[in-house]
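The structure appears right after this line, and notes come after that.
The values are calculated or read from the model by the stated rules, or taken from the named source; none is laboratory data. Small disclaimer: the values here were computed from a predicted structure and weren't measured. Positions of Cβ are backbone-derived with ideal geometry, glycine not excepted, and every protein chain shown enters the neighbour counts. Just the protein is used for accessible areas: all its heavy atoms, side chains included, with ligands, DNA and RNA removed. Shrake-Rupley method; radii C 1.70, N 1.55, O 1.52, S 1.80 Å.
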Amino acid sequence: MEKLDHLKSAVASLSQISENEKNGFINLVARYLSGEAQHIEWSKIQTPTDEVVVPYDTLAPTPDDPAETKKLLDKLVVLKLNGGLGTTMGCTGPKSVIEVRNGLTFLDLIVIQIEHLNLKYGCNVPLVLMNSFNTHDDTLKIVEKYSKSNIDIHTFNQSQYPRLVVEDFSPLPSKGQAGKDGWYPPGHGDVFPSLKNSGKLDAFLSQGKEYVFVANSDNLGAIVDLKILHHLIKNKNEYCMEVTPKTLADVKGGTLISYEGKVQLLEIAQVPDEHVNEFKSIEKFKIFNTNNLWVNLNAIKRLVEADALKMEIIPNPKEVDGIKVLQLETAAGAAIRFFDHAIGINVPRSRFLPVKATSDLLLVQSDLYTLVDGFVIRNKARANPANPSIELGPEFKKVGNFLSRFKSIPSIIDLDSLKVSGDVWFGAGIVLKGKVTIAAKSGVKLEIPDGAVIENK
């Protein structure tokens, strides 16, 4: 308790953040210190039934009448998690402004999609961006260019919490770290209290909105799905997590389980060491969380006001200027167990198309996909339902370097796997098929000529 009292007085004097943020932070630390971590009893884990994780193809069709569809959509708010920076891909500023295709950014595509819905059905689906203090200023400038579009765009900031100095449990900003490095955004589990604290939640409720569709801004597959919305409203489900079948690339993703009569998210961090391999197998745990979430707005209000959303705390150790610090974070998916009639829906893989690295950018810029009304749609010419696996060397890690090394993106419709290492440059109109490995010898520049067809070599 002494630790906590010491921290409380130090946090009280931080003028950069609001009372709500101070209280939220102290509550999070208090929960962390009390060691209330939920221990999962492995033997109690059950595989969810189809009632709990509903197969997508069993959902009822949406109403034929456009007026009925408009009624559904008028209850919806779309919220994109926009707090991330494009640092892993060598970009400064929000990740959502990286160009994905045809010179359009993630944000452009999202706006075009919602404009298209609003035009088609005469509805008014607003777009909300949850920024962090890292992305807020840039996003406001970027959003100005959409001021003429037929779409209401709202932004709010998620909480800003001080990083904790491990050694003496004091806030880093009190130690003279005045810049951005002293702070962190506490993960997307913060979306619920921040939506409420920003005043946006009450505003949307007063407009008759009922559901929010939350997704990562870098998931190009996370488009509004009328069948899901229709199902939730009809069955009064307060929370829905979209899950999709695991492939070997997703073994670390969180999965849904039935536990003591409730559906909940099981993350790899909660798994006892002796069961980690079982968790990673795709036999027992066949699905993983896409982080496409549909949540009832009234339920969010009820639970936030009751301070009932006590999601598992994810400790994230970092180092700032040689000082060991701790960030305590939460994830929005873990909130599933606090909502009534919560379900998962097992959706097609096409609803999960995240761009985390330049290898993902290669996929979505290639002929595997086409762009229609802001929707990235998979080319039917590819027979294999799985995407090719792509490994690019460090020379391709930054977006700028990646783009300069391709005169044009190769055709990869018939590609199974690609591995590139060394100083490799691609000409225009190249076709890659089967399993391809391209390695430049150390110190040698390897240029692949225009129009080359490389198959299984």
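What FRET efficiency would be calculated for the residue pair LYS435, THR87, taking the C-beta separation as r and a Förster radius of 35 Å, to the nearest 0.05? Don't skip to the answer; put the middle values down first.
Details: r = 32 Å, r/R0 = 0.91.
According to the calculation, E is roughly 0.65.
Please sort 302-310, 427-435 by packing, taking for each peptide the average over its residues of neighbouring beta carbons within 10 angstrom, highest first. Intermediate results must be reported in sequence, preceding the final value.
Working: 302-310: 14.7, 427-435: 16.7.
Put in order of decreasing packing, that is 427-435, 302-310.
Rounded to the nearest 10 Å², what accessible area does TRP183 show when all protein chains are kept and the probe is 1.4 Å?
Using a 1.4 Å probe on the heavy atoms, I get roughly 10 Å².
Shape of segment 1-351 from its Cα gyration tensor (a ≥ b ≥ c, root eigenvalues): rounded if a/c is under 1.5, otherwise prolate when a/b > b/c, or oblate?
Details: a/c = 1.65, a/b = 1.21, b/c = 1.37.
Taking the square roots of the gyration eigenvalues as a ≥ b ≥ c, segment 1-351 is oblate.
Can you give me the distance in nm between label points at ALA30 and LEU248, each placed 7 Å from the Cα along the Cα-to-Cβ direction?
Here the modelled spin labels are 4.9 nm apart.
Provide the packing ranking of 439-451, 275-287, 127-139, i.e. peptides ordered by the mean count of other C-beta atoms within 10 Å per residue, highest first.
Numbers: 439-451: 11.8, 275-287: 14.8, 127-139: 21.7.
The peptides rank, most packed first, as 127-139, 275-287, 439-451.
Rounded, prolate or oblate, given the Cα gyration tensor of segment 37-145, with a/c below 1.5 counting as rounded? Mind showing how you got there, number by number?
Details: a/c = 2.40, a/b = 1.15, b/c = 2.10.
Because a/c hits 1.5 or more and a/b fails to exceed b/c, segment 37-145 counts as oblate.
May I ask what percent, to the nearest 5, of DSSP beta bridges between residues of segment 299-457 are antiparallel?
Details: 11 of 30 bridges.
Counting DSSP beta bridges with both partners in segment 299-457, the antiparallel share is about 35 percent.
Quick one: accessible area per residue over the chain, 1.4 Å probe, rounded to a whole number of Å²? Spell out each step's value before the answer.
Numbers: 20780 Å² over 457 residues.
Value returned for the chain: 45 Å² of accessible area per residue.
Within segment 98-121, which residues have the backbone N less than 18 Å from the label spot 7 Å out from LYS141 along Cα→beta-carbon, could you tell me?
Under cut-off, by backbone N: 98-99, 105-108.
Explain nothing, just the number: relative contact order of the chain, from Cα pairs under 8 Å at least 6 residues apart, as a whole percent. Before the final figure, lay out each step's value.
Details: 850 pairs, mean separation 74.7, N = 457.
After rounding, I find 16 percent.
List the residues, sorted by chain then number, that are 5 or more residues from THR437 or on another chain and whose placed amide H is less than 5 Å from its amide H.
Sorted by chain and number, the residues that satisfy this are LYS419, LYS457.
For segment 332-341, just list the computed ³J(HN,Hα) in residue order, Karplus coefficients 6.51, -1.76 and 1.60, θ = phi - 60°, integers in Hz, with x standing in for Gly and Pro.
4, x, 5, 6, 3, 6, 8, 9, 7, 6
Sort 321-327, 58-64, 69-75 by the packing proxy (mean of other Cβ within 10 Å over each peptide's residues), most packed first. The partial results should precede the final answer.
Details: 321-327: 14.1, 58-64: 11.7, 69-75: 18.1.
The most tightly packed comes first, giving 69-75, 321-327, 58-64.
Want the number for LYS457 to LYS8: 0.36 nm per residue separation, take away the alpha-carbon distance, what's left?
That works out to 155.4 nm of additional length.
On full extension of the chain, what length is gained from GLN46 through LYS398, given 0.36 nm per residue of separation minus the C-alpha to C-alpha distance?
Working: separation 352, 0.36 × 352 = 126.72 nm, distance 4.24 nm.
That pair, GLN46 and LYS398, stretches by 122.5 nm at full extension.
Within segment 22-123, report the GluC sites (Glu not before Pro) that DSSP leaves as loop and that have at most 14 other Cβ atoms within 10 Å.
On the way: sites: GLU36, GLU41, GLU51, GLU68, GLU99, GLU115; in loops: GLU36, GLU41, GLU51.
Taking segment 22-123 and a limit of 14 other Cβ atoms within 10 Å, the loop GluC sites (Glu not before Pro) found are GLU36, GLU41, GLU51.
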